[in-house]
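See below for the structure under consideration.
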Amino acid sequence: MSRLRDCEVLTTSDESRWSEVLDEIGRHDFCHLHSYSRLAELSGHGRARMFVYRSGEYMLAFPLLLRDIDVTTVPGIGRALCDVTSVYGYAGPLANRSDVPEDLSARFMGSIDDYFREHRVVSALSRMHPLLDQGPILDRLGKAVPVGCTLSVDLLLPEAQQLSAYRRNHSQDIRRLRAMGVTCGEVGLEELDDFVAMYHENMDRVKAATRYYFSRSYFEHLLADMGDVSHLFMCLHDGRPIAGSIFTLCRGFVQWHLSGSRTDFDGPPPTKLIFDVARRWAKEREAHTLHLGGGVGGSRDSLYHFKRGFTRREHVYSIWRHIADPDVYAELTRAMSELSGVEPDDGFFPLYRHPIFEDALARRDEANTPRS
């Protein structure tokens, strides 16, 4: 732990303090947990930091990840740089009260910006939690950019009202799956290999980016070391696993986190049954919200349409963006464009990390590789 002006800066070595902060704040989700930031570190996603600010009765916290920028491929930079992102999922800042004064949030974000300058941070990005009011904390630095919608189920509604939100074909398919003898329930680590295989099969089918191919050790940590919040549900047909999903439960928030299914199963999508079983499970545990997420990148795509078959309650999903060093940001982007020969302009952030740069450089290297 270190201090910067009035701000504590926690690392994953400060586990007990990290947990104390979250306990005092109260309203948070699993993406804010120490164990999840530790998992991000173990997965090579960055170095976790939790910024904590106290003033009187108010406490604010903001977990982030520091990533090194590879400047070896960028001519003329010649100095160590890094940028900031958030863990996979919905994180963002937290506060123990909803009435955070503007001057307090300004001081908090000002302290974080001081840290960015001191540690040569070029840019910062954080995915925000659609069910937590985080905008007022971030208003004093950078910009929260809406990118789409997510969906959730209010688990406090009567059961009949929750079921009435199901699209007709979803309800019919759930009944068909049960009639086919498909069963579903929570399982343990003994089913992990089957789930990982199905998850990777799904990623292959949708041609997902490399960053979504989580390793077996990632899932093992999620389910073993975070077993108090992470739960694996599996559908079986004739004793064979055909679909699985990981749900998390933290402070009344249930997140539909990751899913996978067999492509060769001849029947309705078994994830429909998984959702129904997990929803009932969550309600029994007195959770208040089941968050389904949205489409890929916040778009209203086929995945979003599928999820909307269970609920119509929408939330705005935003990403916070801040350019801490505009000159270096422009320098990196210009250098990557010159090096790769491409100039993306689709709003990706940070622009110098645009996947199109990596793709162009990989194609160039492949073309220049001598063939035997």
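The values are calculated or read from the model by the stated rules, or taken from the named source; none is laboratory data. Computed from a predicted structure; not experimentally measured. All Cβ positions, even for glycine, are placed from backbone atoms using ideal geometry, and neighbour counts span all protein chains on display.
See the values below:
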item	result
Boolean, E57 is of a type in the set (D, E, K, R) and out of contact with any His (no Cβ under 6 Å at 6 or more places or on another chain)	yes
Within the stretch 35-83, considering residues that are acidic (D, E) and farther than 19 Å from H354 by Cβ, the one surrounded by the most Cβ atoms within 10 Å (Cβ to Cβ)	E41
Only listed residue being in contact with a Cys (Cβ under 7 Å, 6 or more places away or on another chain), surrounded by 16 or more Cβ atoms within 10 Å (Cβ to Cβ) and either of a type in the set (S, T, Y) or in the same structural domain as H291 (by TED's automatic domain parsing) (or both), chosen from Y90, Y115	Y90
Boolean, R120 is out of contact with any Ser or Thr (no Cβ under 8 Å at 6 or more places or on another chain), touching a residue at least 24 places away in the same chain (Cβ under 8 Å), surrounded by fewer than 18 Cβ atoms within 10 Å (Cβ to Cβ) and under 20 Å from P350 (Cβ atoms)	yes
Selection from the stretch 149-171 of residues that are small (G, A, S), in contact with a Phe, Trp or Tyr (Cβ under 7 Å, 6 or more places away or on another chain) and in a helix (DSSP H, G or I)	none
In the stretch 343-360, the residues that are of a type in the set (A, V, I, L, M) and at pLDDT 85 or above	L351, I356
Residue under evaluation E331, criteria (1) out of contact with any Gly (no Cβ under 7 Å at 6 or more places or on another chain); (2) at pLDDT 95 or above; (3) among the charged types (D, E, K, R); (4) under 30 Å from G110 (Cα atoms), criterion not met	(2)
Matching entry among L156, L138 (being surrounded by 14 or more Cβ atoms within 10 Å (Cβ to Cβ) and either within 23 Å of Q255 (Cβ to Cβ) or at pLDDT below 95 (or both))	L138
When residues of the stretch 89-102 are limited to those that are part of a loop (DSSP other than H, G, I, E, B) and touching a Ser or Thr at 6+ places or on another chain (Cβ under 9 Å), the one farthest from G46 (Cα to Cα)	P101
Those residues of the stretch 316-348 which are crowded, with 16+ Cβ neighbours inside 10 Å and either free of Cβ contacts under 8 Å to residues at least 40 places away in the same chain or within 20 Å of S259 (Cβ to Cβ) (or both), in sequence order	Y317, T333, S337, S340, P344
Selected residue (only one of A95, A106 is under 20 Å from I319 (Cα atoms), modelled with pLDDT of 95 or more and among the small types (G, A, S))	A95
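For every residue, the table says whether it meets (1) more than 26 Å from T150 (Cβ to Cβ); (2) more than 16 Å from the chain's Cα centre (by Cα); (3) not in a helix (DSSP H, G or I).
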| position | (1), (2), (3) |
| --- | --- |
| V9 | yes, yes, yes |
| E24 | yes, yes, no |
| H28 | no, no, yes |
| L39 | no, no, no |
| L65 | no, no, yes |
| T72 | yes, yes, yes |
| I77 | yes, yes, yes |
| A80 | yes, yes, yes |
| L104 | yes, yes, no |
